1. So if R0 is 35 Å, what FRET efficiency would A:Asn110 and A:Ser69 give, r being the distance between their Cβ atoms, rounded to the nearest 0.05?
2. Taking the simple approach of a point 7 Å from Cα along Cα-to-Cβ for both A:Leu22 and B:Leu197, what is their distance in nm?
3. Across peptide A:16-27, what mean number of C-beta atoms from other chains lies inside 10 Å of a residue's C-beta?
4. Which net charge results when you count Lys and Arg as +1 and Asp and Glu as -1 among the other residues whose beta-carbon is under 15 Å from that of A:Ser12?
5. Could you list which residues have their amide H under 5 Å from that of B:Glu11, counting only those 5 or more apart in sequence or on another chain, with H placed in the peptide plane?
6. Is there a simple number for the mean count of other chain Cβ atoms within 10 Å of the Cβ of residues in B:228-235, and what is it?
7. Could you give each residue of the stretch A:63-73 its phi-based ³J(HN,Hα) in whole Hz, using Karplus coefficients 6.51, -1.76, 1.60 with θ = phi - 60°, and x for Gly or Pro?
8. Given the Cα-Cα distance of B:Leu71 and B:Gln220 and 0.36 nm per residue of separation, how much length would full extension add, in nm?
Amino acid sequence: MAAVAEQTVGKSVCPGDVLMSLPETGVVRIGGGVQQEGEVLVATKAGVVQQAKGGKLWVEARQKRYIPSPEDVVVGRITDKHSENYGVDVGGPFRALLPVLAFEGATKRNRPSLQPGDLVYCRVETAHRDLEAQLSCMDAAGKASGFAHLKGGMVVEVSTTLARSLLSRPPAAVLSALGRSLQFELAVGQNGRVWLDAPSPATVILVANAIQSSEFLSAAQQEALVAALLKGSSAAATRRQQQQQQQQQQQGDE
Amino acid sequence: MERADGRRPGEIRIVRCERGLLSRADGSAQWTQGGTSCLASVAGPTQAPTSAKEDAERATLEVVFKPRAGLVGSTEKQYEALIRRSCEAVILAALHPRTLIQVVVQVVSDDGGVLACALNAACAALVDAAVPLRTLCAAVSMAQEAGPEGQLLLDPSAAEAAAAAAVGTFAYLPLLHSVSEEVSAAGDSISGGDLQLLTSLTRGRLTSDQLLDMVEAGRQGADRLAAFMQQAARQV
């Protein structure tokens with residue numbers, strides 16, 4: 001199975017393209033954008049064929065509408081509040097549910113208080129096409145591990161493909177280039193929402209611009225983009241000034 | 001024999017497809033064939049606004065056809081129904097139950113074959129929105145010239161369609177196309193090895209032989225159009 005799949009991985013396909021024929025024995029795992037049609041697997045979306053480490057085959061399509069899938073991390077906006085659940089807009093066709101007890105250390109007496117309009121960084125626990133998606137602000141072990149209420153900051157919308165590349169490891173070139181000279185906080189959701197926060201609004205805007213324009217650029221182009229943005233920005237200038245002042249202070253101390 | 005614009009009878013006008021033009025729609029595409037151009041946008045899958053449009057088993061498809069000028073009449077309503085039924089045949093609607101997928105087709109300019117152009121634009125927009133599709137769908141328009149010596153014209157302009165004895169629009173489903181050579185044999189066996197006729201709409205007088213010739217000539221044109229559409233869709 002692996003041999004046939006290797007030929008198609010990384011190729012651009014369109015709906016109706018046959019990806020591979022099913023092997024005589026063994027298990028093939030398929031994700032979004034792939035369907036079984038008789039003896040073969042067929043693409044149902046236009047995009048690039050990808051294979052996960054576990055062997056799961058899927059078509060990475062550039063889309064704006066998010067379809068929830070288990071174990072995705074998402075940035076959601078609270079839309080309504082009930083006794084047991086929060087209703088959360090994650091950008092999918094339907095609202096998702098975030099139980100009030102799905103936070104680390106939450107009990108019936110001690111529960112987080114979120115208001116409609118608040119942002120949360122959470123994980124999709126269950127997603128089924130016939131049910132509302134269930135979210136959780138804990139990992140499988142019950143720890144917070146980065147999932148939380150996002151206070152302040154700003155949200156920018158990007159395509160799901162860009163969100164996935166920002167989450168990849170090693171980090172995307174645009175993020176490491178920005179991280180070298182600026183201080184900011186970032187939470188990327190696979191639903192195409194990126195939450196940003198930084199000490200100064202100028203930095204937030206610079207980072208948002210850099211991320212949004214980085215989608216179709218190579219690593220080297222992304223570095224050049226960040227360098228060009230930093231050159232013309234006041235945020236970087238003030239940071240350089242601060243660094244110079246610190247250096248001068250250190251020299252003075254010595 | 002050459003046509004008024006220098007084309008051969010079985011030649012399509014210059015085709016152009018642009019995707020992702022509209023920033024607020026989930027998917028959009030402009031499809032241009034010579035002087036005819038349609039802009040399609042797709043919103044969805046979204047929550048159906050009323051329960052009347054909701055189906056517990058599958059996604060509902062809604063098509064709005066907007067003419068270049070003037071009011072929506074019975075022709076437009078017929079086009080809407082035809083585009084809806086053709087798209088329903090290719091969309092894997094069971095994957096998104098209780099949702100609504102809305103397709104809006106705006107005619108930008110009309111120089112004949114507007115329905116075929118609208119169908120192609122709708123299909124390209126569905127691809128752009130990453131709505132799961134069974135396969136693509138390619139549509140062509142045909143005209144049968146008047147008189148005993150009349151020829152079959154592929155993709156007629158407005159003047160050619162007006163002078164013709166009969167005109168028709170045909171949509172076809174392309175074959176399952178194999179990415180790697182190795183599995184192509186299996187791919188051919190499922191599709192039956194030919195473009196499937198999906199939709200047909202004719203206006204005017206035709207003998208049954210002429211109709212069959214038209215379907216066959218349309219198939220050849222749609223084959224080339226589908227190849228272009230697949231290539232356009234594969235470009236990320």
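1. Working: r = 31 Å, r/R0 = 0.90.
The pair A:Asn110/A:Ser69 has a calculated efficiency of 0.65.
2. That separation, rounded to one decimal, is 3.3 nm.
3. Details: counts 16, 10, 13, 5, 6, 8, 2, 0, 0, 0, 0, 0.
Partner-chain Cβ atoms within 10 Å, mean over residues of A:16-27: 5.
4. Values: positive: A:Lys11, A:Lys45, A:Arg62, B:Arg19, B:Arg234; negative: A:Asp17, A:Glu60, B:Asp128.
My count for the surroundings of A:Ser12 gives +2.
5. Amide H neighbours of B:Glu11, under 5 Å, 5+ apart: B:Leu154.
6. Numbers: counts 0, 1, 6, 2, 2, 10, 9, 3.
Counting other chains' Cβ atoms within 10 Å and averaging over B:228-235 gives 4.
7. My calculation for the stretch A:63-73 gives 9, 9, 7, 8, 10, x, 9, x, 6, 6, 9 Hz in order.
8. Working: separation 149, 0.36 × 149 = 53.64 nm, distance 3.50 nm.
Here the answer is 50.1 nm.
The values are calculated or read from the model by the stated rules, or taken from the named source; none is laboratory data. Source: prediction; values computed, not measured. We place every Cβ from the backbone using ideal geometry, glycine too, and count neighbours over all the protein chains shown. The area values use the complete protein model at the heavy-atom level, side chains included, leaving out ligands, DNA and RNA. Shrake-Rupley method; radii C 1.70, N 1.55, O 1.52, S 1.80 Å.
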